[in-house]
Structures are given as structure tokens and as C-alpha cells.
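**Student:** Sharing a structure with you now.
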Ligand SMILES: NC(=O)c1ccc[n+]([C@@H]2O[C@H](COP(=O)([O-])OP(=O)(O)OC[C@H]3O[C@@H](n4cnc5c(N)ncnc54)[C@H](O)[C@@H]3O)[C@@H](O)[C@H]2O)c1
């Protein structure tokens, strides 16, 4: 494929939407991808008006059906190379399956769908077609998440015994949805959010961080889903005790009612030799604590091989584009790293007709499926007051 920038179409993103904006910055980050089109709102008239108001010229469409159908009649260089789905959870499945049917790669927000049947359909479709599909688990895009994964998976902490993976927020500590606030309204509505509130919204990030960093899978869990704010239809706080497939134990927990907390996502991994700690609110470093030794704090950009703890370091990890340490990378850089890696896979797929998306650079379709399987298993367990409940077998 030539070096023309990839064309991206937005599904969702009009009228005060949130997550489209970090994404569109990340899409433009390297100059090799650009947003060219959008179906930004459910009402066709407003969708076109919102496209007109977009800060740079894009082709507006009245609906994602129209945008997808229009692709077939465009010359190759004008067609969409991928769509980005940034709609509420109940509008992920339909545009995703339609884009895949039209042969268009998809980068979709999490949680993948609102139920396991939809997630299973998507997995089957992606496997059948081989079309690139990514899920936007933002925090995998931090260099320090990549580095944590390398440390834990290469056994430098010994055998993993315990993991605490958490995401604590406070923005729903009051009944914000009663004021009509856009993001709170659909997140607390089971028809739009799915069977779970907090757990689908941010619990899936905590689960993904655990799976990405450790490579371990939850086999069985005991879940308490709580609703602290009176009148709220879905959980706003949960605690899940998990058994992992190597015999280790883990807590996956999240809250949206812990007043004062912002986006306190973090992970603690305890192995037989030491512990790793990482927090996304300070995402540029990780702390390693080894038995009987002073703590080691590793900053992105200040990591060298064979330092008494680290051994050889993978070239691709060290080569990931970065700015010098001390110029902080954060949320937008993480998003950009995901889109950069997705772009590389699309270019490979276009050039060779196939690509393996293994989840090492961004969450893949199987990771998306696992998030939904986790939600459904938690809901079942919580309905039986936390009874130990097995996760479904991977498909
Ligand atoms: N990865 C992350 O860190 C992260 C952070 C926030 C949100 N999210 C996810 O992103 C998605 C969107 O969340 P948000 O907070 O940006 O929501 P939002 O309510 O701010 O934006 C949703 C947008 O989708 C549009 N929309 C709804 N139905 C549509 C349709 N049929 N056609 C076209 N547009 C339609 C809405 O008009 C709005 O513009 C959710 O799935 C959420 O879970 C992920």
C-alpha cells in the first residue's frame, strides 16, 4: 500500500460527546491517519449539522448505514481504511457487524457489546473474514503497561500469587443522571449500558489490565455488585474475588461513588520474588519492590538492560516511539500508541491479505469477548450473593 494517510470514519461523536475527542487527537498524532468522515449522531439532520461544525472538513453522513453503504462507490484512496465506534455500548454491535460485512476494519470502544451473544457473533465474523478489529482499552497504550507486561510475563517477579487491579472514580457519587448529564444518563440506563453499570464501564479496564500484564485468565469468581446511590438502576461499585488459571488469586474492583477519586486505575502484581505497582494517574513510572531490597522506580526512557534486576530487553519494546523522559506521556499518548499499532496491522493486512492480531499491542476481539463474559459471570454470581461462578470457556 502507498504511504497515503489512512482514512478514518467516526461512528458517534456529535453534540458534546466525550471519548471521540481523545481518539481523534490520537488518530492525527502521527500524520499517517486522519478523520475524513463521520456519522456523528442518531438523528440524521443533527448528524449532518454536527459534521458541518466539526473543527476540520469531514464528509458528514446522516447515519452509519449510509456511511458504510457509500464506501463501495468511492475510489480506493477515498474509502475508509477503518471506522472508529464511539457510541454508547448498545450501539457497538450493529455498526461493527455492518462494517465487517462491508470489509471495513473496526476499532471499537469497550465494552465490546451489551451481551455475550453479540460478542460471540463478532468473534465469529472477525475469524471468518480476517478483518482487523481492535478494542479501545486505552491503558494498554502506556509504555509502562508494555513494560509491566514484559516484567511479569518474563518471570522477573517469580510466580504470580496475587493481583489487585482496580479503577476507582467518584463522578457518580451523586445521582448525576437525574440532571440529564449526557454521559451519566446512558451509563446508568440498562437499555444502553448493558446488564452492568460500573463494571462494564470501568471494570472491564481493570480486568483487561490484569490479563494484559500477567497473561493470566480468571477461571472462577465471586462478585458483589453494589448500588450506593438511591434510585440508580445499575451497580455503581463492585468487588470481585477471582481465581486465576495458575492458582493465583486476584481482586478486580471498581467504583464510581468514591468521592474525590478521579481516574484511579492501577495494578499491583505480587510474585514469589517481588511486587510491581503501577497507577495510571502517574503513568510514567512503575515501582518494583523485591524481598529485602530498596524499591526500584523505573521511568519510561530511563530503563537499561542487565541492571541487576532486568535482563535483556526486547528491541520492539525499547523502540516504541517516545519523547525524552521528563516530558510526560499520558492519556492521549496511550490512545495514539493504540491507533499507531492498529494502523500498522491494517497496512500489513492490506499489503498481504492477512495479519495476526495477538493482543500484544492493543486489545483484540477475544479480549473484547472476555470482558463481556466477565460482566455476565459477575452478574450471575452477584445474583446468588457472591456464589463462586465459573467463567465460560473461551470460544
Ligand atoms: N476507552 C476509554 O477510556 C473510554 C472512556 C470513556 C468512554 N468509553 C466508551 O466509549 C463509548 C462512548 O462513551 P462517551 O462517554 O464518549 O459517550 P457520549 O455520550 O459522550 O458520546 C456518545 C456519542 O455517540 C452518539 N450516538 C449515539 N447513538 C448513535 C447512533 N445510532 N449513530 C451515531 N451516533 C450515535 C451520541 O450522539 C454521542 O455523540 C462508550 O462505549 C464508553 O464505554 C471509553
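Read-outs throughout are calculated quantities, based only on the coordinates presented, and are distinct from any laboratory measurement. Quick caveat: nothing in here was measured; it's all calculated off a predicted structure. FYI the Cβ positions are ideal-geometry reconstructions off the backbone, even for glycines, and counts take in every protein chain you see.
**Student:** Put a dot 7 Å past each Cα toward the Cβ at residue 287 and residue 245; how far apart are the dots in nm?
**Tutor:** Modelled inter-label distance: 3.2 nm.
**Student:** Out of 115, 306, 364, any idea which swings most in a Gaussian network model of the chain, alpha carbons joined below 10 Å?
**Tutor:** With Cα springs under 10 Å in the chain, the top fluctuation among 115, 306, 364 is at 306.
**Student:** Rounded to the nearest Å, what's the spacing between the alpha carbon centres of region 336-395 and region 36-73? Just the number, please.
**Tutor:** What the calculation gives is 28 Å, centre to centre.
**Student:** Which value in deg cm²/dmol, rounded to the nearest 500, describes the helix-derived mean residue ellipticity at 222 nm for the chain, given -39,500 (n - 2.57) per DSSP H run of n ≥ 4 and division by the residue count?
**Tutor:** Helix-only estimate at 222 nm: -9500 deg cm²/dmol.
**Student:** Which three extents, in angstrom, do the Cα atoms of the chain have along their principal axes, listed largest first?
**Tutor:** 65, 51, 39
**Student:** While we're on this one: Need one number: nm distance between label points at residue 120 and residue 350, each 7 Å from Cα along Cα→Cβ, rounded to one decimal.
**Tutor:** It works out to 3.5 nm between the two label points.
**Student:** Shifting gears a bit: I need to check one value: relative contact order of region 194-301, counting alpha carbon pairs closer than 8 Å and at least 6 residues apart, in percent.
**Tutor:** The normalised contact order for region 194-301 reaches 18 percent.
**Student:** Separate question: Largest first, please: the extent of the C-alpha atoms of region 93-181 along each principal axis, to the nearest Å.
**Tutor:** 45, 43, 24
**Student:** Subtract the Cα-Cα distance of residue 78 and residue 192 from 0.36 nm times their separation in residues, and report this length gain in nm to one decimal.
**Tutor:** 37.8 nm
**Student:** Here's something else I'd like to know. According to a simple spin-label model (label point 7 Å from Cα along Cα-to-Cβ), what is the distance in nm between residue 273 and residue 30?
**Tutor:** The modelled label-to-label distance comes out at 3.3 nm.
**Student:** Okay, moving on. By how many nm would the segment from residue 4 to residue 385 lengthen if fully extended, with 0.36 nm per residue of separation less the alpha-carbon distance?
**Tutor:** Value of the extension gain: 131.7 nm.
**Student:** Between 56, 241, 82, where does the largest GNM mean-square fluctuation fall for the chain, given springs only between Cα atoms within less than 10 Å?
**Tutor:** 56
**Student:** Using a Gaussian network model on the chain with a 10 Å cutoff between Cα atoms, which of 331, 29, 309 fluctuates the most?
**Tutor:** Highest fluctuation of the listed residues: 309.
**Student:** Here's another thing I want to ask about it. Using Cα-Cα distances under 8 Å and only pairs 6 or more residues apart, what relative contact order does region 33-155 have, in percent?
**Tutor:** RCO, region 33-155: 16 percent.
**Student:** Quick one: Debye curve from the alpha-carbon atoms of region 150-189 only, equal weights, vacuum; give me log10 I(q)/I(0) at q = 0.36 Å⁻¹ to two decimals.
**Tutor:** Per q value, in the given order, log10 I(q)/I(0) is -1.13.
**Student:** Can you report the principal axis dimensions of region 126-253 using only the alpha carbons, biggest first, rounded to whole angstrom?
**Tutor:** Projected onto its principal axes, the Cα set of region 126-253 covers 49, 36, 28 Å.
**Student:** Highest mean first, what order results for 270-276, 102-108 on Cβ atoms within 10 Å?
**Tutor:** 102-108, 270-276
**Student:** Ranked highest first by average number of other Cβ atoms within 10 Å, how do 36-43, 259-266, 190-197 line up?
**Tutor:** So the peptides 36-43, 259-266, 190-197, ranked by packing, come out 36-43, 190-197, 259-266.
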